[in-house]
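The values are calculated or read from the model by the stated rules, or taken from the named source; none is laboratory data. The structure presented is a predicted model; accordingly, all values stated were derived computationally and were not measured. Glycine also receives a Cβ, built like all others from the backbone with ideal geometry; neighbour counts cover every protein chain displayed.
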Amino acid sequence: MSVIVFTVIILFGSYFAGLLGSLTGLGGGFIIIPLLTLLLHVDIHYAIGASLVSVIATSSGSAAAYVKEGITNIRLGMFLEIATTAGAFTGAIIAIYIPTQFIAVLFGLILIFSAIISLRQKAEQIVHQETWLSKRLKLGGSYPVNDVQVEYGVSNIAGGFFMMIFAGIISGLLGIGSGALKVIAMDGIMRIPFKVSTTTSNFMIGVTAAASAVVYLQRGYIHPGLAMPVVIGVLLGALSGSKILVQASSSKWLRWVFAIVITVLAVQMIYHGVAGKI
């Protein structure tokens, strides 16, 4: 395969990853890593390094639009970043010393878990009564729905915070920005509306990925020739996705897209990890 063909495949694949990553709050890494490892046979550590760079690009490309539209909960995102950053740095160090097959299998299991949890959320229930801690930290907010501001509260802050630590560790291990687990923490545990969860996740994942990327950069796992087309494609896809999500009136179809795509990729990653093909 020539360098041009290799780059074009990465570019188009990264665009799709950025588009779907922006819509679901996952950060794009959940497609970038299978694309590079399964299709293009890139070493998984280099794939994770490129994925982390793409996560930063996704966050930069889509978060600005969401903040402008008033959907993202900035205060909550900055509070939870304390947990994810600490976890991400820890996970990145651990990832250097464990087998690649284990990383691939863990990657697949985390994605399947994320898909199941996402589909279990039958209806969007907005918490209107805030807890004492939520009031003290002023974590509640509002977001526009059909030109009407809908207010919501935040519950189970401690549970969400500890889930974010775990999400940060997974981010450092797998290079996916841990967007899937962040959405689960905010949507499932803290009972924040799904659209707010995905946009706030996009706001957060760049900081989380940056903490992990420092370790991979120091180890030489971030290759400029690989990261450049990934960043360009993901950034363009993230910008497209942010425009779609701002106009979306329902998040139900996002859950199904999220679940179907990552389940297919998860099965492939687990199979190749168990078979020792990664």
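Which of the residues spanning the stretch 134-154 are of a type in the set (A, V, I, L, M), in contact with a Ser or Thr (Cβ under 8 Å, 6 or more places away or on another chain) and farther than 17 Å from Phe79 by Cβ?
Val145, Val150, listed by residue number.
Condition first: surrounded by fewer than 24 Cβ atoms within 10 Å (Cβ to Cβ), of a type outside the set (Val, Ile, Thr) and closer than 25 Å to Lys243 by Cα. Now tell me which residues in the stretch 204-223 satisfy that.
Of everything in the stretch 204-223, those that are surrounded by fewer than 24 Cβ atoms within 10 Å (Cβ to Cβ), of a type outside the set (Val, Ile, Thr) and closer than 25 Å to Lys243 by Cα turn out to be Gly206, Ala210.
For the structure I just gave you, tell me whether Glu81 is buried (at least 17 other Cβ atoms within 10 Å of the Cβ) and modelled with pLDDT of 85 or more.
The answer is yes for Glu81.
Can you name the residue in the stretch 101-119 that is modelled with pLDDT of 80 or more and surrounded by fewer than 17 Cβ atoms within 10 Å (Cβ to Cβ) and, of all such residues, is farthest from Ser197 (Cα to Cα)?
Gln101
Would you check if Met228 is touching a Leu at 6+ places or on another chain (Cβ under 7 Å) and at pLDDT 85 or above?
Considered against the rule, which asks whether it is touching a Leu at 6+ places or on another chain (Cβ under 7 Å) and at pLDDT 85 or above, Met228 comes out as no.
Quick check on Glu69: is it at pLDDT below 80, among the acidic types (Asp, Glu) and either farther than 24 Å from Tyr271 by Cβ or buried (at least 22 other Cβ atoms within 10 Å of the Cβ) (or both)? Quick ask: steps written out before the conclusion?
Working: at pLDDT below 80: yes; among the acidic types (Asp, Glu): yes; either farther than 24 Å from Tyr271 by Cβ or buried (at least 22 other Cβ atoms within 10 Å of the Cβ) (or both): yes.
The answer is yes for Glu69.
Taking into account only those residues within the stretch 137-163 that are farther than 11 Å from Arg191 by Cβ and at pLDDT 85 or above, which is surrounded by the fewest Cβ atoms within 10 Å (Cβ to Cβ)?
Ala158
Go through the stretch 35-91 and give me each residue that's farther than 20 Å from Thr200 by Cα and among the acidic types (Asp, Glu). Can you show your working first?
Let us first name the residues in the stretch 35-91 that are farther than 20 Å from Thr200 by Cα, namely 35-50, 89-91.
Across the stretch 35-91, the qualifying residue is only Asp43.
Within the stretch 31-44, how many residues are in a helix (DSSP H, G or I) and touching a helix residue (DSSP H, G or I) at 6+ places or on another chain (Cβ under 7 Å)? Before you say what the answer is, go through the steps one by one.
Filtering the stretch 31-44 for residues in a helix (DSSP H, G or I) gives 31-39, 44.
Adding the requirement that they be touching a helix residue (DSSP H, G or I) at 6+ places or on another chain (Cβ under 7 Å) leaves 31-38, 44.
The number of residues fulfilling the criteria is 9.
Find the residue count for the stretch 147-178, including only residues that are of a type in the set (Ser, Thr, Tyr) and in contact with a Lys or Arg (Cβ under 6 Å, 6 or more places away or on another chain). Steps first, please.
Initial filter on the stretch 147-178 (of a type in the set (Ser, Thr, Tyr)): 152, 155, 171, 178.
After this cut, where a residue has to be in contact with a Lys or Arg (Cβ under 6 Å, 6 or more places away or on another chain) as well, the list is 155.
So the answer is 1.
Sort through Thr263, Thr198 and tell me the only one that's at pLDDT 80 or above and among the β-branched types (Val, Ile, Thr). Show your work before the answer.
Working: Thr198 fails: at pLDDT 80 or above.
Step by step, each of Thr263, Thr198 is checked, and only Thr263 is at pLDDT 80 or above and among the β-branched types (Val, Ile, Thr).
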